[in-house]
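Undergrad: Below you will find the structure I want to go over with you.
The values are calculated or read from the model by the stated rules, or taken from the named source; none is laboratory data. Every value quoted in this text rests on a predicted model; they were computed, and no experiment measured them. Here the Cβ positions follow ideal geometry from the backbone for every residue, glycine too, while neighbour counts run over all protein chains shown.
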Amino acid sequence: MKTKLIPLFFGAMALMGCGDKETQEAPAKPTVDVDAMIGKMSLEQKAKLVVGTGMDFHIPDSILSKMPKPPVDPDTAYADMVKRIRTYLPGAAGNTSEYPEIGITTQVLADGPAGLRISPTRKDDDNTYYCTAFPIATVLASTWDTELVNEVGKTMGKEVLEYGADVLLAPGMNIQRDPLCGRNFEYYSEDPLVTGKMAAAMVNGIQSNGVGTSVKHFAANNQETNRMSTNTVVSERALREIYLKGFEIAVKESQPWTVMSAYNKINGQYVSESKDLLTNILREDWGFEGYVMTDWGGGSDIVTQMEAGNDLIMPGQKEQIETLIKAVEENKMDEAILDKNIKRILEIMVKTPRFKGYDVSGKPNLKKHAEVTRQAATDGMVLLENKDNTLPLTDVKKVAVFGTTSYDFISGGTGSGDVNEAYTISLIDGLKNGGFQINDALQTTYEAYIKDARAKQGKPDNWLAAIMGAKDPVAEMPIKAQDVSKAAESSEIALITIGRNSGEGGDRKPEAGDFYLTNTEKQLIAEVTKTFHAAGKKAIVVLNVGGVVETKSWAQIPDAVLCAWQPGQEAGNSVVDVISGKVNPSGKLAISFPVKYEDAPSSKSFPGYSIEGETGDEEDLSGFSFMRRVPWETVYEEDIYVGYRYYNTFEVPVAYEFGYGLSYTNFEYSNMEVDKQTFTDELLVSVTVKNTGTVAGREVVQLYLSAPTVILEKPEQELVAFGKTKMLAPGATETLHFVLRTKDLASFDVARSSWIVEAGDYELKVGASSTKINGTAKFNVAQEILGDKVHKALVPQADFKKLSRN
Ligand code: BGC
């Protein structure tokens with residue numbers, strides 16, 4: 001299939017790039033007079049541009065009928081236009097309006113963070129339109145490799161370009177505040193620096209194709225429970241240092257074309273209605289140049305949204321268009337506000353491939369992209385345990401594979417972050433592809449069990465997953481002792497996979513079967529390990545999970561534990577690349593693994609509580625969707641002490657600390673140096689890493705800072721920089737250099753709305769993890785340094801109790 005996007009202005013430009021699409025560069029930005037376009041628009045056209053054209057829902061009528069009407073009267077020219085633009089990319093999440101007579105093209109907006117999400121098949125068309133399911137964001141963050149993430153972004157962006165989308169609704173970059181957030185898999189880390197750097201690398205990669213991104217969900221959107229209406233109560237400091245910082249880095253270092261405002265409120269106001277957030281912070285403090293769109297159905301007052309700088313309302317409803325027109329006609333809103341919003345939308349439009357008449361092939365190089373995802377996934381896997389060098393497997397051919405998930409591997413999470421990929425390589429297939437022999441009897445037993453369990457299985461608890469046809473992993477099969485014994489006789493090693501899935505629409509549970517392992521799973525690990533050990537053989541556990549699970553109670557039982565996460569469509573091949581030793585694992589955790597859920601600092605306030613005194617109508621379907629709006633509040637009492645900032649400061653033991661991960665080789669650190677003793681505006685830090693083991697490998701190097709307290713209390717340490725060595729052969733060394741500037745050292749002083757570096761003695765720690773410190777260096781700051789002064793914004797409505805080390 002080849003779809004020529006009709007060029008409206010730049011006929012000549014449309015002819016470019018019919019050659020190798022894989023190497024084509026982003027087309028240059030044409031000069032177009034968008035003000036002149038706006039001048040030609042009627043008020044109705046304006047209202048229909050800032051409100052999206054609805055969504056092509058593939059959900060049951062029983063639910064559809066309860067929803068507000070999409071912005072389409074069936075018999076109008078507008079309806080014809082909507083029908084037409086929806087054919088451009090079936091399965092996209094939404095479109096903006098197209099007015100060919102003015103030269104305005106639609107922008108096709110499509111999910112999502114793990115790859116382009118579109119319909120894989122089309123009516124009356126024999127071609128298929130599968131997309132690559134890349135590793136989930138958690139995997140990418142665990143690579144700590146911004147170059148690799150940039151490469152994944154470039155590859156993902158090619159599919160966006162070649163299938164004809166204009167903006168990819170990605171990356172997701174909320175902080176993994178709590179281990180149970182159902183969408184954590186779409187997000188990078190508990191740390192804002194890792195989050196911001198990963199997102200910037202991803203945005204730069206995707207946008208290098210001349211297509212846009214939408215960093216989301218801006219901001220403090222850290223749970224799925226009552227996600228449409230929850231009020232995040234959070235301090236200005238925690239916002240600036242934790243929840244906004246990643247977005248700030250991404251905006252400053254990659255200038256995403258768009259930002260998606262989140263569903264939730266912050267300190268009492270819907271973020272899509274917050275001028276503080278969308279204008280004062282995003283545009284004025286940070287210099288964002290693109291447009292802001294709502295999340296699908298976010299917020300409730302469209303006039304306030306427009307005034308706040310939320311330029312585009314998605315997916316769009318008829319009532320919203322009517323409200324806007326009325327507001328202007330009745331002088332309740334200045335039309336100039338609409339013009340401003342439209343200008344931002346059009347300034348992005350002129351950069352889009354569709355506007356430039358890009359010749360869409362419909363045929364990205366999926367084979368090549370599969371290689372990228374296979375490698376990226378291996379680099380993000382984290383080796384948690386490896387007794388006596390159990391891994392990599394040497395001289396092993398016959399493998400007994402346990403655990404239902406081994407046969408039904410999970411490539412990624414559910415909801416809009418799911419991708420319609422052509423295939424997922426299971427662990428079994430990966431092993432076979434890697435030349436291993438599988439225990440057939442076990443395979444037969446498991447496959448029969450899975451078939452039967454699937455037939456009996458109900459819909460997932462998560463309503464969105466259920467609507468979208470997703471299935472929970474089947475409950476683990478109780479294993480028979482004689483099956484394990486037989487397998488131990490005929491196989492050389494055991495592999496056991498434990499699987500978990502979650503996604504948009506629901507949070508995970510602090511229960512067996514979710515955060516905790518079930519007794520059946522624990523028995524499986526214990527029984528298989530015991531029986532294989534008795535036969536002089538080993539057992540390895542593979543975690544196929546989108547987020548944190550409890551590990552402390554069982555991870556010492558088997559001989560090795562590999563956290564493979566949800567590694568994308570090449571899943572089994574990627575796992576086998578690591579366990580066979582083809583790839584030496586170099587991933588490290590970008591989230592802490594607590595001993596038990598209650599140890600997580602957010603667990604006391606997650607997912608919040610219903611607000612007393614407010615009359616929540618549980619069936620309130622206002623503002624777009626079947627997603628209920630319940631008066632609800634989540635108070636971020638842990639304040640700045642998120643993740644390792646909490647565990648390290650308050651000395652709460654964890655199962656695996658932030659930054660942890662093993663390798664098949666060893667590294668030695670030396671020569672940690674700073675270029676001066678007194679910091680004024682820049683400090684150079686260097687450290688040398690040597691591979692002292694016997695196989696080649698790469699090391700993630702983490703730089704933490706312990707800062708003094710004058711007026712602001714500080715966590716025990718914070719990540720201020722990180723890097724990854726190149727592939728170091730045994731005996732090889734590399735010196736890594738880091739540059740620290742005022743912004744890297746600064747904390748946020750609420751009283752002055754300013755970033756400040758306090759006077760005193762500082763300590764830098766270079767670590768192989770947040771607790772394995774391999775070198776330190778000291779410097780001082782003679783007197784307080786005032787960094788950026790920013791808007792006073794998003795002030796909590798009332799004071800609330802915050803965790804403090806004092
Ligand atoms: C999700 C967004 C997504 C949008 C469009 C929303 O429900 O929260 O992440 O991009 O739908 O599918």
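Undergrad: Give the number of residues within the stretch 186-210 that are among the aliphatic types (A, V, I, L, M), within 16 Å of the ligand (Cβ to nearest atom) and in contact (Cβ under 8 Å) with a residue 60 or more places away in the chain. Before the answer, list the steps.
TA: Restricting attention to the stretch 186-210, the residues satisfying the condition of being among the aliphatic types (A, V, I, L, M) are 193-194, 198-203, 206.
So of that shortlist, the ones also within 16 Å of the ligand (Cβ to nearest atom) come out as 199, 202-203, 206.
Right, trim to in contact (Cβ under 8 Å) with a residue 60 or more places away in the chain and you get 202.
So the answer is 1.
Undergrad: In addition: I'd like to check something: does the stretch 235-248 contain any residue that is aliphatic (A, V, I, L, M) and over 21 Å from Thr195 (Cβ atoms)? Can you show your working first?
TA: Step one: of the stretch 235-248, the residues aliphatic (A, V, I, L, M) are 238-239, 242, 244.
Next cut, over 21 Å from Thr195 (Cβ atoms) only: none.
So far as the stretch 235-248 goes, no, none of its residues is aliphatic (A, V, I, L, M) and over 21 Å from Thr195 (Cβ atoms).
Undergrad: Still on this structure, please answer the following. Could you check, for the stretch 237-249, whether at least one of its residues is crowded, with 24+ Cβ neighbours inside 10 Å and at pLDDT below 95?
TA: Scanning the stretch 237-249, I find no residue that is crowded, with 24+ Cβ neighbours inside 10 Å and at pLDDT below 95, so the answer is no.
Undergrad: While we're looking at this one, here's another question. Being within 16 Å of the ligand (Cβ to nearest atom) and closer than 18 Å to Ala308 by Cβ is the filter here; which residues of the stretch 235-261 pass it?
TA: Correct list: Phe247, Thr258, Val259, Met260, Ser261.
Residues are listed down the side, and each one gets a yes or a no for (1) among the acidic types (Asp, Glu); (2) surrounded by fewer than 24 Cβ atoms within 10 Å (Cβ to Cβ):
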site	(1), (2)
Asp126	yes, yes
Pro135	no, no
Lys154	no, yes
Val160	no, no
Asp166	yes, no
Gly172	no, no
Ile175	no, no
Asp178	yes, no
Ser208	no, yes
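Undergrad: Let me ask something else about it. With respect to Ala526, is the statement that it is in contact with a Ser or Thr (Cβ under 9 Å, 6 or more places away or on another chain), surrounded by fewer than 24 Cβ atoms within 10 Å (Cβ to Cβ) and part of a helix (DSSP H, G or I) true?
TA: Values: in contact with a Ser or Thr (Cβ under 9 Å, 6 or more places away or on another chain): no; surrounded by fewer than 24 Cβ atoms within 10 Å (Cβ to Cβ): yes; part of a helix (DSSP H, G or I): yes.
So Ala526 does not fit the description; no.
Undergrad: Which is within 30 Å of Asn462 (Cβ to Cβ) and among the hydrophobic types (A, V, I, L, M, F, W, C), of Val350, Val401, Val328? Step through it out loud before you land on a result.
TA: Details: Val350 fails: within 30 Å of Asn462 (Cβ to Cβ); Val328 fails: within 30 Å of Asn462 (Cβ to Cβ).
Result of the check over Val350, Val401, Val328: Val401.
Undergrad: Against the definition (touching a strand residue (DSSP E or B) at 6+ places or on another chain (Cβ under 8 Å), among the charged types (D, E, K, R) and touching a residue at least 60 places away in the same chain (Cβ under 8 Å)), how does Asp285 come out, yes or no?
TA: Working: touching a strand residue (DSSP E or B) at 6+ places or on another chain (Cβ under 8 Å): yes; among the charged types (D, E, K, R): yes; touching a residue at least 60 places away in the same chain (Cβ under 8 Å): yes.
Considered against the rule, which asks whether it is touching a strand residue (DSSP E or B) at 6+ places or on another chain (Cβ under 8 Å), among the charged types (D, E, K, R) and touching a residue at least 60 places away in the same chain (Cβ under 8 Å), Asp285 comes out as yes.
Undergrad: Something else now. Test Glu718 against the criterion of being charged (D, E, K, R), under 25 Å from Gly380 (Cα atoms) and crowded, with 19+ Cβ neighbours inside 10 Å, and give yes or no. Give the derivation first.
TA: On the way: charged (D, E, K, R): yes; under 25 Å from Gly380 (Cα atoms): yes; crowded, with 19+ Cβ neighbours inside 10 Å: yes.
When the stated conditions are applied, Glu718 passes them.
Undergrad: Return the pair list, or none, for Cβ contacts closer than 6 Å from residues in the stretch 244-272 that are in contact (Cβ under 8 Å) with a residue 60 or more places away in the chain to residues that are assigned to a loop (DSSP other than H, G, I, E, B) and surrounded by fewer than 22 Cβ atoms within 10 Å (Cβ to Cβ), at least 6 apart or on different chains.
TA: Sorted first by the residue in the stretch 244-272, then by its partner, the pairs are Asn267/Pro796; Asn267/Gln797; Gly268/Gln797.
Undergrad: Counting only residues that are more than 22 Å from Ser804 (Cα to Cα) and either surrounded by fewer than 24 Cβ atoms within 10 Å (Cβ to Cβ) or not small (Gly, Ala, Ser) (or both), how many does the stretch 583-592 have? Show your work before the answer.
TA: Of the residues in the stretch 583-592, the ones more than 22 Å from Ser804 (Cα to Cα) are 583-590.
The next check asks that each one be either surrounded by fewer than 24 Cβ atoms within 10 Å (Cβ to Cβ) or not small (Gly, Ala, Ser) (or both); those that pass are 583-585, 588-589.
Of the residues in the stretch 583-592, 5 are more than 22 Å from Ser804 (Cα to Cα) and either surrounded by fewer than 24 Cβ atoms within 10 Å (Cβ to Cβ) or not small (Gly, Ala, Ser) (or both).
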